[in-house]
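Take a look at the structure set out below.
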Amino acid sequence: MAKKIRVLIAKPGLDGHDRGAKVVARALRDAGMEVIYTGLHQTAEQIVASAIQEDVDVIGLSLLSGAHMTLFIDVAKLMKTQELTDVLLIGGGIIPQEDIPALKKAGINEIFGPGTPVDDIVCYIQKNVKR
Amino acid sequence: MTDLTTKVLTGDTRSIARLISLVENADPEAISSMKTLYSHTGNAHVVGVTGVMGSGKSSLLFELTKTYRHLGKKVGIIAIDPTSPFSGGALLGDRIRMTELSTDAGVFIRSMGTRGALGGLTNAVFDVVDILDASGMDIILIETVGVGQDEVEIVKVADTIIVVTVPGLGDAVQTIKAGLMEIADIFVVNKADKPGVEQTIAELQSMVDLAIDRDWKIPIIATSAKERKGVSTLIENIAAHTSYMHETHVFENRRRIRYEAELLELIRKRVISYVLDDEKLKSQVECCLQRISVRELDPYTAADEILNALLK
Ligand SMILES: Nc1nc2c(ncn2[C@@H]2O[C@H](COP(=O)(O)OP(=O)(O)O)[C@@H](O)[C@H]2O)c(=O)[nH]1
Ligand SMILES: [Mg+2]
């Protein structure tokens, strides 16, 4: 049985809109990936613990509330302390261009803004999974 | 013993997760670990939870697990959702109902796609149960797919089988597939906060009363995962079923079914990969296929020929 790419999709923080996250989740499934959808209001600890149990290749975070600078970076930090070095971390949502360099520096591998075609996300994952 | 095996035995989360991936991908690397782990299995009680999608299986698993944790039990959860036959991908959404459990070190949750297996389970499920068992879990809860087809494969893995239904679906006996009726050890009517519970229970009761050939009296339990009601009663009934099984031959019989299914499946896989890995046999298969397609040979005779060649 061939290995399948496993992706954890989570929404950290308090905003209650998960339409975008669900669209991405479905697109990844249709591209042959196993998507673990964890739902709303996840803490960084819950996201990282779930990613470890599910042995995922990718963590995808979605956020619309504007708290990405803290929440995304919290997840990236926790991944470092937990030595999740072979897991790709990507983020999506409403994220101002000027925040992207800082996020990347903190360990978020890629950021996808609103309106990114889902195919781009699929391609990015397929090209960049670390194992 | 490999490092991975040792760590699984100590309950290391990451190693458990990694070994599950290896068995799921049928990676040969997993075999030596599985061989070593086996003598450490046999301690966990395996509970299968089946029933239609949306009946509240994941929500119930969440409530059951919280109560088991209060009782000091470690819980492993295997939550299975369908793999798309078209893309091979899957949307695994059972964790949505169990968020709070993610950070509990005494709980391990794994979401799995069916990856082509029929019957509501996934091919690697035997191995995953053994891994969780060897890692020290006291209770293993398995949530089957729940798309309504015959999900009776669960009898091959679970010691206690819970069939979940909800009120308001019409005649309860009709909505539960015949096969499921026969394998149930416990019936749960979830969403008991909704109207129609008494009727659903009565319908199930009239059917359970007909099952006079079994000496285990199948309990029917009303629960509300939403209002956290009936969960302790359910746990008491799981415990009662467990004692009943151990006091009778039912436990050994059921485990035997599991070992038999597991062993025969392994033999089947081994024989097939033996044939396909052997150059000569493989070309004989190709040749047979050719002759079958032009109606020069029938598949039965072809299988005889290949088995004869194999046994030489
Ligand atoms: N009213 C009510 N809703 C419930 C109950 N248990 C679960 N639900 C809801 O039913 C839906 C499906 O639940 P889920 O646990 O995902 O069902 P599953 O598909 O069988 O795993 C969710 O919206 C739950 O919140 C219950 O006891 N009462
Ligand atoms: Mg479910």
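Taken together, the values in this text are just the output of simple stated rules run on the coordinates, not laboratory data. From a predicted model like this one, the values you see are computed outputs, not experimental measurements. Here Cβ is always computed from backbone atoms with ideal geometry, including for glycine, and neighbour counts include all displayed protein chains.
Show that you can apply the helix-only estimate: for chain B, add -39,500 (n - 2.57) for every DSSP H stretch of four or more residues, divide by all residues, and state [θ] at 222 nm to the nearest 500.
Calculated at 222 nm, the ellipticity per residue is -14500 deg cm²/dmol.
Over the stretch A:6-128, what relative contact order in percent results from Cα pairs under 8 Å that are six or more residues apart?
Once normalised by length, the contact order is 27 percent.
Report the GluC sites (Glu not before Pro) located in the stretch B:232-312 that are in a DSSP loop and have at most 16 other Cβ atoms inside 10 Å of their Cβ, or state none.
Sparse-neighbourhood loop GluC sites (Glu not before Pro): B:296.
Give me the percent relative contact order of chain B, please, defined on Cα pairs under 8 angstrom at least 6 residues apart.
Working: 491 pairs, mean separation 54.4, N = 312.
Averaging sequence separation for qualifying contacts and normalising by length gives 17 percent for chain B.
Mind pulling the angle between the C-alpha long axis of helix B:125-134 and the longest principal axis of chain B? Nearest 10 degrees, somewhere in 0 to 90.
The angle comes out at about 70 degrees.
I need the phi-derived Karplus couplings for the stretch A:60-69: 6.51 cos²θ - 1.76 cosθ + 1.60, θ = phi - 60°, integer Hz, Gly and Pro marked x.
x, 10, 10, 8, 10, 7, x, 8, 4, 4
Please express the Cα-Cα pair-distance distribution P(r) of chain B as a list of whole percents, one per 10 Å bin, running from 0 to the bin with the greatest distance.
6, 24, 31, 21, 11, 6, 1
Would you please name the GluC sites (Glu not before Pro) within the stretch A:66-121 that are DSSP coil residues with at most 10 other C-beta atoms within 10 Å of their C-beta?
A:83
Would you kindly state how much longer the chain becomes between residue B:227 and residue B:276 on full extension, computed as 0.36 nm times their sequence separation minus their alpha carbon distance, in nm to one decimal?
12.2 nm
Can you compute the charge dipole magnitude of chain B about its Cα centre, using +1 on each Lys and Arg Cβ and -1 on each Asp and Glu Cβ, nothing else charged? Give it in debye, rounded to the nearest 20.
620 debye
Given bins 10 angstrom wide, list per bin the percent of all Cα-Cα distances in the stretch B:213-302, short to long.
The distribution over the stretch B:213-302 is 13, 21, 18, 14, 13, 18, 2, given as percents.
With a cap of 16 neighbouring Cβ atoms within 10 Å, and only residues DSSP puts in a loop, list the trypsin sites (Lys or Arg not before Pro) found in the stretch B:209-247.
When the trypsin sites (Lys or Arg not before Pro) of the stretch B:209-247 are filtered for loop state and at most 16 Cβ neighbours within 10 Å, B:214, B:217, B:226, B:228 remain.
For the modelled label position 7 Å from the Cα of residue B:14 along Cα-to-Cβ, which residues of the stretch B:114-149 have backbone nitrogen atoms closer than 20 Å?
Only B:132, B:135-136 pass the distance filter.
Report the full-extension gain for the segment residue B:27 to residue B:267: residue separation times 0.36 nm, less the Cα-Cα distance, to one decimal in nm.
Details: separation 240, 0.36 × 240 = 86.40 nm, distance 1.65 nm.
Roughly 84.7 nm would be gained on extension.
How large, in Å, is the stretch B:79-185 by the Kirkwood hydrodynamic radius built from its alpha-carbon pairs?
15.2 Å
So what's the gap between the Cα centers of the stretch A:58-131 and the stretch B:1-39, to the nearest angstrom?
If we compute the Cα centre of each part, the gap is 30 Å.
For the pair residue B:182/residue B:289, report the inter-label distance in nm, with labels modelled 7 Å from Cα in the Cβ direction.
Those two pseudo-labels are separated by 3.6 nm.
What translational diffusion coefficient, to the nearest whole µm²/s, does the protein assembly as shown have by Stokes-Einstein, given a Kirkwood radius computed over alpha-carbon pairs, a temperature of 37 °C and 0.692 mPa s viscosity?
Details: Rh = 23.6 Å.
Answer from the Stokes-Einstein relation: 139 µm²/s.
Can you compute the equivalent ellipsoid semi-axes for the stretch B:10-169, i.e. the square root of 5 times each eigenvalue of the Cα gyration tensor, sorted largest first and rounded to whole Å?
Working: eigenvalues 106, 78, 40 Å².
Sorted largest first and rounded, they come to 23, 20, 14 Å.
Towards the positive end of the charge dipole of the stretch A:6-128, with charges on Cβ (+1 Lys, Arg; -1 Asp, Glu), say which of A:108, A:17, A:28 has the farthest Cα.
A:17
Cα convex hull of chain A: mean projected area in nm², to one decimal?
Average of the hull's projected areas for chain A equals 7.2 nm².
At a Förster radius of 60 Å, what calculated FRET efficiency corresponds to the Cβ-Cβ distance of residue B:303 and residue B:103, to the nearest 0.05? Don't jump to the answer; show the numbers that get you there.
On the way: r = 52 Å, r/R0 = 0.87.
After rounding to 0.05, the efficiency reads 0.70.
Taking 0.36 nm per residue of separation and subtracting the Cα-Cα distance, what length does fully extending residue B:257 through residue B:205 add?
15.9 nm
Compute the separation of the alpha-carbon centres of the stretch A:1-55 and the stretch B:69-131 and state it in Å as a whole number.
So the separation of the two Cα centres works out to 14 Å.
Could you tell me the distance between the Cα centroids of the stretch B:195-215 and the stretch B:230-298, to the nearest Å?
32 Å
Can you give the charge dipole size of the protein assembly as shown about its Cα centre, rounded to the nearest 20 debye, using +1 on the beta carbon of Lys and Arg and -1 on the beta carbon of Asp and Glu?
On the way: 49 positive and 59 negative charges, 152 e Å.
Charge dipole of the protein assembly as shown: 740 debye, to the nearest 20.
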